[in-house]
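Working notes, structure below.
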Amino acid sequence: MPLTPLDIHNKEFTRGFRGYDEDEVNEFLDQIIKDYELVIREKKDLADRVDELEEKLSHFSSIETTLNKSILIAQETAEDVKRSADKEAKLIIKEAEKNADRIINESLSKSRKITLEIEELKKQASVYRTRFRMLLEAQLEMLNTDDWDDLSKSNEEEEEESYENVNG
C-alpha cells in the first residue's frame, strides 16, 4: 500500500545517540509531505482527466460507430435507389419502344389504307370521266342527228296550227 502524506507526517523515528538534527529532518519531511500531496493531487486530477477523456472517447467512438452504420445504410439505400431507377428507366424505355412500334404500325396501316383509297378514287374518277365523256358524246351525237331538225319542224307546225285555231 502506498504512503500517504499523513503516514509521512506521523512517522516517528527512534532517537539514537548522535542522530540527525531533528528540525532539519522535520523540515525535510514537511517539504516531502507538500511535494507528495502535490503529486497525489496531480495524479488524482490526471486520473479524473483520463476518466473524462475516456468517457468522451467512448462517446465519440459510439458516434463514429453510428455514423459508420449510417453511411453504410445510406450507401445501401443509394444503391437500392439507383437499381430501382435503372429498372424503372428500362421499363419506361421498353414501354416507349412498344408505343413507338404500335404508333409506327398504326401509321403504316393507315398509310396503306389511304393509298388504297386514293387508288380506288383514281379508278372511280377515271370511270366517271369515261362515262361522262360517253354521255357527252352521245348527247352531241343526238344533237347532230336529223331527228332533231324534224322535231324542231314539227314543233313549229304545231304552233302555227294552234295559232290559227285560236285566231281563226
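Report the Stokes-Einstein translational diffusion coefficient (µm² s⁻¹, integer) for segment 1-131, Rh taken as the Kirkwood radius over Cα pairs, at 37 °C with viscosity 0.692 mPa s. Walk me through the numbers on the way to the answer.
Details: Rh = 25.8 Å.
Reported coefficient: 127 µm²/s.
Write down the accessible area per residue of segment 1-133 in Å², having rolled a 1.4 Å probe over the full set of protein chains. It would help to have the intermediate numbers written out before the result.
Working: 12760 Å² over 133 residues.
So segment 1-133 comes to 96 Å² accessible per residue, rounded to a whole number.
Rounded to the nearest whole Hz, the Karplus-based 3J(HN,Hα) values (6.51 cos²θ - 1.76 cosθ + 1.60, θ = phi - 60°) of segment 69-82 follow the sequence 5, 4, 5, 4, 4, 4, 5, 5, 5, 4, 4, 4, 5, 5, with x at glycine and proline.
Seen from LYS82, the other residues with C-beta closer than 15 Å to its C-beta sum to a net charge of -2, counting Lys and Arg as +1 and Asp and Glu as -1.
Just checking the listed ones, GLU137, GLU52, GLU79: in the Gaussian network model of the chain with Cα springs under 10 Å, the one fluctuating most is GLU137. Using the charge dipole of the chain (Lys, Arg: +1 at Cβ; Asp, Glu: -1 at Cβ; taken about the Cα centre), state which of LEU67, PHE28, LEU46 has its Cα farthest towards the positive end. Value computed over the given set: PHE28. Dipole of the chain computed with +1 at Lys/Arg Cβ and -1 at Asp/Glu Cβ about the Cα centre; of MET142, VAL166, LEU121, farthest Cα towards the positive end is LEU121. For the chain, a simple Cβ point-charge model (Lys and Arg +1, Asp and Glu -1, everything else neutral) yields a dipole of about 1540 debye relative to the Cα centre. Using the alpha-carbon centroid of each, what span in Å lies between segment 15-37 and segment 85-125? Computed from Cα coordinates, the inter-centre distance equals 114 Å.
Where does each of ASP146, ASP101 land when they are ordered by accessible area, with a 1.4 Å probe and the largest first? Before the final figure, lay out each step's value.
Values: ASP146 110, ASP101 90 Å².
Final ranking, largest accessible area leading: ASP146, ASP101.
Expressed as a whole percent, the accessible surface of segment 38-168 that belongs to carbon and sulfur atoms is 57, based on a 1.4 Å probe.
Helix 147-167 against the longest principal axis of the chain: what's the angle in degrees, Cα atoms only, rounded to the nearest 10? Between the helix axis and the principal axis of the chain, the angle is about 70 degrees.
The values are calculated or read from the model by the stated rules, or taken from the named source; none is laboratory data. Model, not experiment: these values are computed from the prediction. Cβ: placed from backbone, ideal geometry, glycine included. Neighbour counts: every protein chain shown. What goes into the accessible areas is simple: the full protein's heavy atoms, side chains included, and nothing from ligands, DNA or RNA. Shrake-Rupley method; radii C 1.70, N 1.55, O 1.52, S 1.80 Å.
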